[in-house]
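The structure's right below; bear with me while I get my questions together.
The values are calculated or read from the model by the stated rules, or taken from the named source; none is laboratory data. Source: prediction; values computed, not measured. No Cβ is skipped: glycine too gets one built from the backbone with ideal geometry, and neighbour counts run over all protein chains shown.
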Amino acid sequence: MSEDTLPISQRAAAAPPYLATLNPEQRAAVEALDGPVLVLAGAGTGKTRVLTTRLAHLLSTGRAKPWSVLAVTFTNKAAREMRERVEVLLGPGGGGLPWLGTFHSISARMLRTHAELVGLKNTFTILDTDDQIRLLKQIIEAENIDEKRWPARQLAGLLDSWKNRALTPDRVPKNEAFQFADGAGVKLYTLYQQRLKILNACDFGDLLMHMIDIFQRHADVLETYHKKLSHLLVDEYQDTNVAQYLWLRLLAQARKNLCVVGDDDQSIYGWRGAEVDNILRFEHDFPGAQVVRLERNYRSTGHILAAAAHLIAHNRGRLGKTLFTDDELGARVKVRGVWDGEAEARLVADDIEAWVSATLPLPLAGRGLGGEGRANAQTPDVSDRPSSPTPPPLGRRIYSDCAVLVRAAWQMRAFEERFLMLRIPYKVIGGPRFFERAEVRDAHAYLRLIRSEDDDLAFERVVNQPKRGVGEGTVQKLHAHAGKPQVRFVTDHGPLFDAETGEVVTAQDEAPGGATRFRSMVAAARELVLTDELPLKAKTALRAFLNDLDRWRELSRSVSHVELAETILDESGYTEMLRNDKSPQAQTRLENLKELVQSMGQYDTLEAYLEHVSLVLDIEAESEGENVQLSTLHAAKGLEWPLVFLPGWEEEVFPSKRSIEESGEKGLEEERRLAYVGITRARERAYISFAANRQIYGRWQTVLPSRFIDELPPANVDAISETGYAMQAGGVREAAARFDAYAPGAGFNSAYQSPGWRRAQENAGKRGKPPMLEGEARLIAKSGDEDSHYQRGDRIFHQKFGYGLIRAVEGNKLTVDFDKAGEKRVIDSFVIPASAA
DNA sequence: AGCCCTGTCCTTTTT
DNA sequence: GGACAGGGCT
């Protein structure tokens, strides 16, 4: 209802128009402006809408100023979306919102202003995981710990878990202190933190931990933020970890104007320290908190919602919500069994093709494409969905209506291959991030090294990239020399040389924090180059490299940072190296570098650019064209699609084996929440599938349907097989029995040929590959399976050696003549076309 | 130093 | 199927 439909007498008193589109619960959540508020928002109940409207309401009622609202999200994307939607409500003049961002970006900003309080300079670098691991590796090696037995990765995980709980080295509980390398854990942690200080760097966890430290030790600093920030808003509160909780509590404690929004059923980040407890405990932590439940779902049709609700009800210890929808029942959730991962990919691709070529019913009225927070049913107004700037005409089906959501990233490959073969456009959500690509990181390392010579990690990354003959041996020597304690930095400008002898002036010096300060790698190189300790070749190469660095640093004073980057990439031989690289990736890498140089132009200085890369910027051209969306379940949170495919519902895959092994019942419940998140992404159709055979670690394995399939409510599920793909006995008895329950009469090898299958053969032919065998079904016997029934004369297909003819069968061993190599091999793990007989 | 081959581990999920 | 380490060779 819009304002001008109201009687004139009521207009003056009428609420702002944005409130009129809310339902009573949403409105209650928006209008409770002060005091602690907990909004329990089930999937698809308009959570983001409430958050953004509340923020807009705070501003337009004058209760808060744009610069006094702290609004925290977990991802940059969510932050961006929130900002855009507030602007839609209030107009772009709405004003800046400087404190809207992720926990990490906001905290990084705060830390820049108070860095010296924790012994950092305000130019500190933020290390990414890669840097972090390499640093830890060095520390582990320096401590003479076997890095193979105690991998740096594991240590990184341990440190993370401590930092997630805001445990500085001195606060690590005694019983945990000995978890790594027979008791070296805390010692390594301490050394690592010292190294970080020397490098003037911090990692992701430090951003929050340092700020908590500062807030706790410096009441005056905390007070300035209490004065500055009048209202706090937190998205996805169920995903906060202890550190984030402490950070928030410290900031909120003075005014208590804290509003958190979340859903305990969607807590899926336990493994990175998220504490569902935070949301379960909110009322206790903030007495007098108002609690608003949002239970009316505007996203999914009835069957889908019911299936999800029934599944999640298997979890214990929930706050409990009863989601409901006034929407129609729609289609039941489809559960389908298939032969193997390839068949699954074929099936999904075929369904997608059928969808876009309009052989499936039209989308339901009023259901367009959109991001999260589809317009409330009472106002099916396209302008209400700012997240999709150009909504396609209703009723037109496009690839981006479809999403394939997998448990783990490796499961995407089968779908990518299939989509490529069929020329189905797809996009991987949150795929390899631009700034994590090797070439981009190399370029950054050069720039970091120009900015600051002390950046040892950057130095090591690029001394021999491109190859210039400075190998590992030389780097080792540099390390040894840099670590020699006779000589210390006396100043921040590097080691002092005696003007007469060229020798280094020695001195003992302690860096702040008690860490002994050694030379940087560059400084060590400068010294060693003057000696005879290096082989001539390495020495010359190193000297040339040092000269390059000096020249570029000089250059950086006179030219723009963009030009500088271009020069470096050119003169270092990096671009040339890529141009000479014949591999197919080299081209993309060159393009990435071009894009990098371009994106640098958006920043005024090199400093500004480098400060933003690690956290804020994600270059992912958000051009969500007409692509099928491929995503992990985790990355799919907050998104929605008309069609959602949920493949790989098999025991040990989903629920993941590790999750249960490591966290038992708790882990299983989190997996179940993940399943819940998956199903609730679907608006109109959810397709769950499981395979009987799957390649794991490149080995074929027989797998069982996921227990979650059994937990779905039969009334809302269609368990059928449309595939016609063969299910044959042998090695998969149990799976097959269960398959039969879901897919009665699936039949044997009916040589089903989908349109997609035919196209695949055509395309394969075009590319010069032999077309696949018609109606090929594959049986994979595990080695040691007494039921193998291959016979002499059968043609088989082997993963590694291709097609061949069985010459002899002895027990489980087959002797095969392979077409390609013309060789005879004994095989005990094989794949056979069922139609081979 | 650097390349290529072989064998050994793996793999959740991300700011 | 792929990352990575170690060995052997140029």
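Would you confirm, using the coordinates I've provided, whether A:Leu549 is touching a residue at least 40 places away in the same chain (Cβ under 8 Å) and either touching a Leu at 6+ places or on another chain (Cβ under 6 Å) or not in a helix (DSSP H, G or I) (or both)?
For A:Leu549, the condition - touching a residue at least 40 places away in the same chain (Cβ under 8 Å) and either touching a Leu at 6+ places or on another chain (Cβ under 6 Å) or not in a helix (DSSP H, G or I) (or both) - is not met.
State all residues of the stretch A:208-244 that are hydroxyl-bearing (Ser, Thr, Tyr) and surrounded by fewer than 23 Cβ atoms within 10 Å (Cβ to Cβ); if no residue qualifies, say none.
Within the stretch A:208-244, A:Thr224, A:Tyr225, A:Ser230 meet the criteria.
Which of the residues belonging to the stretch A:447-456 are assigned to a helix (DSSP H, G or I) and more than 19 Å from A:Glu571 (Cβ to Cβ)?
A:Asp456
Can you report the number of residues in the stretch A:103-144 which are over 25 Å from A:Tyr245 (Cα atoms), more than 14 Å from DNA strand C (Cβ to nearest atom) and surrounded by 18 or more Cβ atoms within 10 Å (Cβ to Cβ)?
2
Please verify whether A:Ala377 is modelled with pLDDT of 70 or more, among the aliphatic types (A, V, I, L, M), out of contact with any helix residue (DSSP H, G or I) (no Cβ under 6 Å at 6 or more places or on another chain) and closer than 30 Å to A:Val717 by Cα, treating the condition exactly as stated.
Answer is no for this residue.
For the stretch A:672-716, which residues satisfy the criterion of being within 16 Å of DNA strand B (Cβ to nearest atom) and modelled with pLDDT of 90 or more?
Those that are within 16 Å of DNA strand B (Cβ to nearest atom) and modelled with pLDDT of 90 or more: A:Arg672, A:Arg673, A:Leu674, A:Ala675, A:Tyr676, A:Val677, A:Gly678, A:Arg681, A:Phe708.
Turning to a different aspect of this structure: Given the structure, is A:Arg171 away from DNA strand C (no atom under 16 Å from the Cβ), without any contact (Cβ under 8 Å) to a residue 12 or more places away in the chain and not aliphatic (A, V, I, L, M)?
yes
Out of A:Leu222, A:Leu232, report the one residue that is closer than 23 Å to A:Ser68 by Cα, of a type in the set (A, V, I, L, M) and assigned to a helix (DSSP H, G or I).
A:Leu222
Matching residues to (1) in contact with a His (Cβ under 8 Å, 6 or more places away or on another chain); (2) of a type in the set (A, V, I, L, M); (3) farther than 23 Å from A:Leu549 by Cα; (4) surrounded by 19 or more Cβ atoms within 10 Å (Cβ to Cβ):
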site	(1), (2), (3), (4)
A:Ala408	no, yes, yes, no
A:Ala414	no, yes, yes, yes
A:Arg423	no, no, yes, no
A:Asp442	no, no, no, yes
A:Leu449	no, yes, no, yes
A:Val462	no, yes, no, yes
A:Val470	no, yes, no, yes
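Of all residues in the stretch A:670-698 being assigned to a strand (DSSP E or B) and within 16 Å of DNA strand C (Cβ to nearest atom), which is surrounded by the most Cβ atoms within 10 Å (Cβ to Cβ)?
A:Ala691
So, one more: Taking the conditions exactly as written (more than 30 Å from A:Val30 (Cα to Cα), modelled with pLDDT under 80 and either surrounded by 21 or more Cβ atoms within 10 Å (Cβ to Cβ) or not small (Gly, Ala, Ser) (or both)), does A:Asp182 satisfy them or not?
yes
Pick from A:Glu650, A:Glu665: which is surrounded by fewer than 18 Cβ atoms within 10 Å (Cβ to Cβ), at pLDDT below 95 and away from DNA strand C (no atom under 16 Å from the Cβ)?
A:Glu665
Every residue, every condition in (1) within 16 Å of DNA strand B (Cβ to nearest atom); (2) modelled with pLDDT under 85; (3) part of a loop (DSSP other than H, G, I, E, B), yes or no:
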| site | (1), (2), (3) |
| --- | --- |
| A:Ser400 | no, no, no |
| A:Gln411 | yes, no, no |
| A:Met421 | no, yes, no |
| A:Lys427 | yes, no, no |
| A:Pro432 | yes, yes, yes |
| A:Ala445 | no, no, no |
| A:Ala458 | no, no, no |
| A:Pro466 | yes, no, yes |
| A:Val487 | no, yes, yes |
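Test A:Arg149 against the stated conditions and say whether it is part of a helix (DSSP H, G or I), out of contact with any Cys (no Cβ under 6 Å at 6 or more places or on another chain) and surrounded by fewer than 18 Cβ atoms within 10 Å (Cβ to Cβ).
no
Something else now. Does the stretch A:297-352 hold any residues that are part of a helix (DSSP H, G or I) and in contact with a Ser or Thr (Cβ under 7 Å, 6 or more places away or on another chain), and which are they?
Of everything in the stretch A:297-352, those that are part of a helix (DSSP H, G or I) and in contact with a Ser or Thr (Cβ under 7 Å, 6 or more places away or on another chain) turn out to be A:Gly302, A:Leu305, A:Ala308, A:Ala343, A:Glu344, A:Arg346, A:Leu347, A:Asp350.
Here's a follow-up. Taking the stretch A:311-337, which residues are within 21 Å of A:Ala41 (Cβ to Cβ), surrounded by fewer than 21 Cβ atoms within 10 Å (Cβ to Cβ), among the aliphatic types (A, V, I, L, M) and in contact (Cβ under 8 Å) with a residue 24 or more places away in the chain?
Correct list: A:Leu319 only.
Continuing with this model, one more query. Going through the stretch A:582-603 one residue at a time, which ones are in contact with a Ser or Thr (Cβ under 9 Å, 6 or more places away or on another chain) and either exposed (fewer than 13 other Cβ atoms within 10 Å of the Cβ) or farther than 21 Å from A:Val562 by Cα (or both)?
A:Gly601
For the stretch A:42-72, name all the residues that are over 28 Å from the mean Cα position of the chain (by Cα) and not in a helix (DSSP H, G or I).
A:Thr61, A:Gly62, A:Arg63, A:Ala64, A:Lys65
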